[in-house]
Structures are given as structure tokens and as C-alpha cells.
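The structure under discussion appears below in the form of C-alpha cells.
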Amino acid sequence: MAIAPQLGPVVDSASATSSSPRMECKTMPRRRFQSGRVYLRGTRWVGSYREYEINPETGKRARKTITFDATVTSERAAKAALQPYLDDYNARAKANSKPSAPRGGKAVRALIEEWTDKILPNRKPGGARAALSHIRTYILPQLGEVPLRELSLSQHQTFVTAVGLRVDRRKTAENVYGTLDSILNLGRKWGHAIPSVEKRDIVFPADKKPQPQVFFFDADTAARVINIAPYPFKMMFLIAAVCGLRIGEVTALKVASIDFKRKLLRVTGAPDYATRKESTPKSDNSAAPIHMSELLAKHLHDWLDNRYVANVDGYLFTNSKGRPYLSDNVVKYGVHRAMKKLGIETAKGVHVGIHCFRHGVSSELLEAGTPIHVVTRLMRHADSNVTLEHYAHILGDAERVASEKFSQRIGQQITQLESDSEMESASVGKTA
């Protein structure tokens, strides 16, 4: 008997309820995603998928078969025709699915191993070394075997207090806790059951030792150090003193970093202090171009014309082996020797290095009354708060003027009191 033309897909009910072995449905868990299948039956394309609802009598999900009309002439067209049915199923399954229970049986050590494999290779060498040091020295010994689900606020506080007793410095305790907090935050995102703890709820140890004195070169001292230093340190110190560059930014400078036409010095990299492997600058702000003064331009021209040694990588300063200088060697053989020759002594525990030039730039600018936002841009800080935090020891002209005015008012009153006292003494003498 001829089959009448069909104008649309027809559900084959017989197929859905067939008890033949080929079409029998086994009881199985409901899947979140179903892809179905298509095949040719005679001259027509057929699509097949399982219904979302489970038959309460059989406990099975029936398979529905759809015979498409004659306009569906290829496997690709058949899959497209079946897709709306699959989309409906998958949407309902996703909406009604229950999220998997967070994993919480692991200990901190297991999460650290996972973090070390997935995240640590993405860190800069310096940051990776610092994180590993925090992990080996503090985190693993104290928290390694603690289950993740037990990391309550009390556990966090106990850890921070123990670190504080060892380091006796708030900043170090904050840095160590920052490493732990970063690892735990990623662990939560990865599905581990870790209690949420806010950093603001942690009480960090107070600094029990006085902060070390901040030593910096003012303009006169910087000039003396530059004059007495040998090349290439003389040129490196001039750049640091005029532009306020960090030690790694100075040693990473290349000939291509100099733009004489626009009077700019471009900071594009900073080598790792231990391996000398070049990396990106400290931050995006650090990569900002720096103005090249006439003084600096003059000496850079002289350096390139008379003293620069060409090298494959184009570094502006290289040692006798043609490699960029190690930061420690610049400080040891450059800064320290120059200060020794000049007889400049510092208090015990005071760090002296290239950063003394950077502090000097900021100090001079702030004391001269330069607006804080301008100094912030010149120092390439993220915001003014960073500048104020690191250079709050500087006293500007406005503060000096205000202090002098207030002192004069107090002085006037003190003079008056002295006059009254003298008059009282004189009066007593006459009475006697």
C-alpha cells in the first residue's frame, strides 16, 4: 500500500512502545546532555532520542522516533531537524540538575600540589620563588595535613599568629597569608569545600620593632655618587637618579629603549634578579614611557658614541661576558664602593641600593611642592596612595609653613607668660 506524503515529522508511537530487543530501554540515570541519533529508514531520514520524563510504571525513559518528511534529504539536514527536540530535553535536564557536592575530603597539602601544577608555571620567576618559600616555610608545616573543610576563621587566625611570632613583622605575615588566601580562593572556584574567610576579619601582628630608616640620595649626594663611580655604573646611576628607575629596569634597558626624537626612555622589561632571564616590568604602570631630560640625552649620546659595547641582545649595559648585570653586583661594586670612597656611613640595618636614587627623586619633587598626582605619574605608581605610603616621611613646604605659623602662635604666648613671671618675681622682691 502506498504511503501518503507527510507534511512534517511524525512520531512513531509503535517504535516508542515496542518491546523488541533492539528498542528496549534500560533503566539509566538521567543525563544532562543528549545528542540523539539519525539514520535512514528506507528512503526517509529518521531521528531518535529518549524522552525526558521517566515512565513511573516501568522506571524507564521511552525512546521516541521521528520520521522526517521528504524535504530532509541528508544526514546534516536530519540532525538539524532533530536538534529542537534535543534542545528542549537538554534545557530541562540542565534546569533540574543538582550541582555536584563540593569536594572537601582533601587536605591543604593536596590543594597546594594541584595549585603548584596548574598556577605556579604562570607566575613570574620572582613571584614563584616567593610563593614557594611561603609554602615550604610556613603553610605546609602548619596547615599541610589540615582538611580543607576545617579551615575556619579560627584556623586562619591561629596560622597568622604563629607566622607573626616567627617573623616579628606585620608586612611579612601579610605576604605569607596573601599566598595562602590566593590558593584557597582558587580552591573554592575549583569546587573544593573550603569555608569562606574575609581578610578584614584577621588580626595581623603589630610591628614590634621600629621601622628601618628610609635612606635616600638628595640631589647633591646623588651627584657625588655619580661623579665618583666608574663606568658603566656612572651612567646607570645617572639614569636612576634622573628618571627614578628601579634596578631591574636599569639593567634591562636596551638601545631600542632610547627615543632621542621624542625625548623618551621606554621601560619594556626587567630581568629576574637571580637568573637574569628577562621578563615584563613590575606592573602595567611601570611600562609607561619616561621623559628624557637634556642632561640625560647628552650623556646617553656620549655613551653610545664612545663607550657602548655592541651585543646580540642590544642591552645598553653588559658585563665583561656580554650579559646584563646582576642587580646585586651593581649595588655591591657600584653603590657601596662609591659610598665607601665618599665616606658616607649609614645606621646598622639600613638598606642602601639603587632604590635610594628613586626615593631621592620622589623626595625632592614632593619637598619642592610638586602635586602628588604628578609625582605618582613620574614614579609610575598605580595610584597616589602607593606614593604616599612609600614616601610619607617626606615633609613638604606646605607642612613646614603650617608648622612655623603654629609655633609662632605658641611662642607668642610663651613670651607673655615669661613676662608675667618676671613681673611677679619683681613684685615679690619689692614686697620683701
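The values are calculated or read from the model by the stated rules, or taken from the named source; none is laboratory data. These numbers come from a predicted model, not from an experiment. Cβ atoms come from the backbone with ideal geometry, glycine included; neighbour counts cover every protein chain shown. Each accessible area value is taken on the protein alone, full model and side chains, heavy atoms only, with ligands, DNA and RNA left out. Shrake-Rupley method; radii C 1.70, N 1.55, O 1.52, S 1.80 Å.
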From 140, 184, 180, grab the single residue that is in contact (Cβ under 8 Å) with a residue 60 or more places away in the chain, surrounded by 14 or more Cβ atoms within 10 Å (Cβ to Cβ) and in a helix (DSSP H, G or I). 184
Which listed residue is open to solvent by 80 Å² or more (accessible area, probe 1.4 Å), among the aliphatic types (A, V, I, L, M) and either touching a strand residue (DSSP E or B) at 6+ places or on another chain (Cβ under 8 Å) or at pLDDT below 90 (or both), from 388, 365: 388
Hey, any hits in segment 85-98 for a residue that's farther than 15 Å from residue 187 by Cβ and outside any helix (DSSP H, G or I)? yes
Is there a residue being closer than 24 Å to residue 338 by Cβ and among the β-branched types (Val, Ile, Thr) anywhere in segment 286-295? yes
In segment 32-44, which residue that is closer than 17 Å to residue 84 by Cα and open to solvent by 70 Å² or more (accessible area, probe 1.4 Å) is modelled with the highest pLDDT? 37
Residue within segment 80-91 that is at pLDDT 90 or above, among the aromatic types (Phe, Trp, Tyr) and surrounded by 15 or more Cβ atoms within 10 Å (Cβ to Cβ) present: no
